[in-house]
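The values are calculated or read from the model by the stated rules, or taken from the named source; none is laboratory data. Keep in mind the model is a prediction, meaning the values are calculated, not measured. For neighbour counting, all protein chains shown are included, and Cβ atoms are generated from backbone atoms with ideal geometry for every residue, glycine included. We work out accessible area using only protein heavy atoms, side chains counted, and drop any ligands, DNA or RNA first. Shrake-Rupley method; radii C 1.70, N 1.55, O 1.52, S 1.80 Å.
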Amino acid sequence: MAEQRDDARLRAWKRATDWPLTGLAVVFLAAFAWEVLGRLHGAARVAAETTMDLIWLAFAIDYVVSLILAPRRLRWFATHLLDLAAVALPLLRPLRLLRLIALIRVIQQGTGSALRGRITSYAVGAVGLLTLVAALAVLDVERDAEGATITTFGNAVWWSLATITTVGYGDLAPVTTTGRWVAGLLMVGGIALIGIVTATLASWIVSLVAEETEEQEAATREQVEALHREVARLTARLDLLTQQGQAGAPGQDRERS
């Protein structure tokens, strides 16, 4: 009973916080893009950083409350390591860009159950978001580095697309440690999303084949049933003719005698 109550409280908390966290995630992305593309300094940079810190704090509070409300805390902890990474790793200054994992987390929560259409929406949204976020992140750490080739937003987007699709032309590559961390995460994310898209496409093709097979089987069953009815009708008619023939046979024998 207590476990069911805790589970209901956790679901209620998630329903109450999903949309606010989604809004905060969008603000987080806007603040980060403003800071990177605007090359902010002074008060403007402080404002952007403060906004992102406060939003990170909101996600940290959500993680702690969810862990407390979870009926099986160890199991919940083990199945929400991505949430932990989004909260814990950014405390290390070189890995602060991993706060952007929170955006993927919100998209994943919003997909609900694993229906094919929702999985497709998740994959498309995650690919677009990862491409944009990785481009901003790598541009932020690369453009002022010595020997960097990713120095404009256009180059960053091109590099991000080539990396997430695992094409990797090699014309652009990060030279900083943080930039390579971003590249590694983007590679892993790209492979995972390609797997999701491939599995979804395969599932869709299999379902189409199954539907067509079911339609063919239904048509065959109808034809067999119609054939059975026709055979039964002919059998009944044959039996009737046989009975009539047998009934008329004695009369014909008397006439001959």
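List the number of the failed condition for Thr50; all other conditions in (1) more than 20 Å from Ala12 (Cα to Cα); (2) at pLDDT below 75; (3) loosely packed, with under 14 Cβ neighbours inside 10 Å hold.
Looking at each condition in turn, Thr50 falls short on (2).
Residues checked against (1) open to solvent by less than 60 Å² (accessible area, probe 1.4 Å); (2) closer than 30 Å to Ser203 by Cα; (3) at pLDDT 85 or above:
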position: Ala31; (1), (2), (3): yes, no, yes
position: Leu54; (1), (2), (3): no, no, yes
position: Ala85; (1), (2), (3): yes, no, no
position: Gly110; (1), (2), (3): no, yes, no
position: Ala114; (1), (2), (3): no, yes, no
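Check Thr51, Thr17 and return the single one that is over 30 Å from Leu139 (Cα atoms), hydroxyl-bearing (Ser, Thr, Tyr) and part of a helix (DSSP H, G or I).
Thr17
I'm checking my understanding of the structure. Among residues of segment 116-146 that are among the small types (Gly, Ala, Ser) and modelled with pLDDT of 85 or more, which one is nearest to Arg11 (Cα to Cα)? Step through it out loud before you land on a result.
So the first thing to find is which residues in segment 116-146 are among the small types (Gly, Ala, Ser), and the list is 117, 121, 123, 125-126, 128, 134-135, 137, 145.
Going one step further and asking which of them are modelled with pLDDT of 85 or more, we end up with 134-135, 137, 145.
Values: Ala134: 32, Ala135: 34, Ala137: 33, Ala145: 46 Å.
That would be Ala134.
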